[in-house]
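As structure tokens, the structure follows; a few thoughts come after it.
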Amino acid sequence: MPESADPADPVSSTEPVPVSVPGPAPAPEVPAVRAVEGDDPLDRAVWRLRSRGCWDDAAALLEPHSVHHAPSALRRAALLVERCMFTATGWAEAEDALRTAEALAGDDDERGGAACERGHLAYAATVLGVRDRADEARSALGRAAALLAPASPGRPLLDFRRGLMAEHIADSPDSARAAYRRAHAGATAHGDSLLLSFTWRHLAGLALRDGELTEARHGFAESLRIREELGFLVGTAPALAALADAAPDADAERLRAEAARLFRLMGGVPTWLADHLSTASAAT
């Protein structure tokens, strides 16, 4: 099951990308771990809450700023969309926050960022089986692609989300791989360590699907390493479980046990991991 959290370009999703494919070779250089949302006290507080799955509390910190400040409104909407992806709850609150962000957006970057979040919310509703909103997701992500400039900091996230659509909605692994590689290259260029943890993981998932165990293990291990270094606790159990899928039996049992422990610690979040862990347990 894809995650989330958790930008349009005229380039086809199957167009080659000038970036090394993440694999068993040494990982691309990742910038030193930094505060994901910035270095001021509010940013640090929002990140601490978000990383522990306290999206409501993190959004509440931004609420006073989001009434008239477009970037704060977009950040708040993104938090609530991510909560939907991890918990399958809070859809109405996310929709309200998105409408506010869309209303306040004053330039193409802000409008593109809001469209990217709307596309991801529609994707989450579709892939989690809440309601089929695949057409809305495609339309919103296409709109984001038309608005965000190629060098926009929001572009790598858009590419990643287009990869999710290609993999999990269109069932087109080749298009998904190309989009994930673009996102990986962009995340590296912008120093977005958290997004790198997602691109490593999803590229590794495609490698596992193709039977490339060495490449898959490497990508899953990189994803786990980054999340542990960032302190992204809510995303650590999925990373452990993913690595277990590609690990030798002895290591896989230990990794799944740790994933299950963290999953319980986080109160059963992300909700979609429960089925994965129970299926893995039944198979062992």
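The values are calculated or read from the model by the stated rules, or taken from the named source; none is laboratory data. Every value quoted in this text rests on a predicted model; they were computed, and no experiment measured them. Positions of Cβ are generated from backbone atoms using ideal geometry, with glycine treated the same way; all protein chains shown enter the neighbour counts. To get the accessible areas, we keep the full protein, side chains included, count just its heavy atoms, and leave off ligands, DNA and RNA. Shrake-Rupley method; radii C 1.70, N 1.55, O 1.52, S 1.80 Å.
Accessible area per residue for the stretch 76-200 in Å², computed with a 1.4 Å probe and the full protein assembly in place, what is it?
Working: 4310 Å² over 125 residues.
Averaged over the residues of the stretch 76-200, the accessible area is 34 Å².
Could you state the per residue volume, in Å³, of the convex hull enclosing the Cα atoms of the stretch 222-284?
Working: hull volume 4.4 nm³, N = 63.
Taking the convex hull of the Cα positions in the stretch 222-284, it is 70 Å³ per residue.
If you take the alpha carbon radius of gyration of the stretch 194-261 and divide it by 2.2 N^0.38 Å, what ratio comes out, to two decimals?
For the stretch 194-261, the normalised Cα radius of gyration is 1.00.
Considering the zone a paramagnetic label at Arg254 would reach in this model (a point 7 Å from Cα along the Cα-to-Cβ line), which residues of the stretch 225-242 have amide N under 20 Å from it?
Answer for this model: 225-229, 236-242.
Separation of the stretch 137-169 and the stretch 75-126 by C-alpha centroid, Å?
Centre-to-centre distance over Cα atoms comes out at 13 Å.
For the stretch 151-198, compute Rh as the Kirkwood radius over C-alpha pairs and then the Stokes-Einstein diffusion coefficient at 37 °C and 0.692 mPa s; write the answer in µm²/s, rounded to an integer.
D = 318 µm²/s.
Would you mind getting the Kirkwood hydrodynamic radius of the stretch 91-200 from its Cα pairs, rounded to one decimal in Å?
14.0 Å
With all protein chains present, how much of the accessible area of the stretch 138-221 (probe radius 1.4 Å) comes from carbon and sulfur, to the nearest whole percent?
On the way: 1560 of 2980 Å².
The value for the stretch 138-221 is 52 percent carbon and sulfur by accessible area.
Run the numbers for Leu265 and Val67: contour at 0.36 nm per residue of separation, minus the present Cα-Cα distance, in nm.
67.9 nm
Once fully extended, how much extra length lies between Leu128 and Arg99, figured as 0.36 nm per residue of separation less the alpha-carbon to alpha-carbon distance?
Stretched out fully, the Leu128 to Arg99 stretch lengthens by 8.2 nm.
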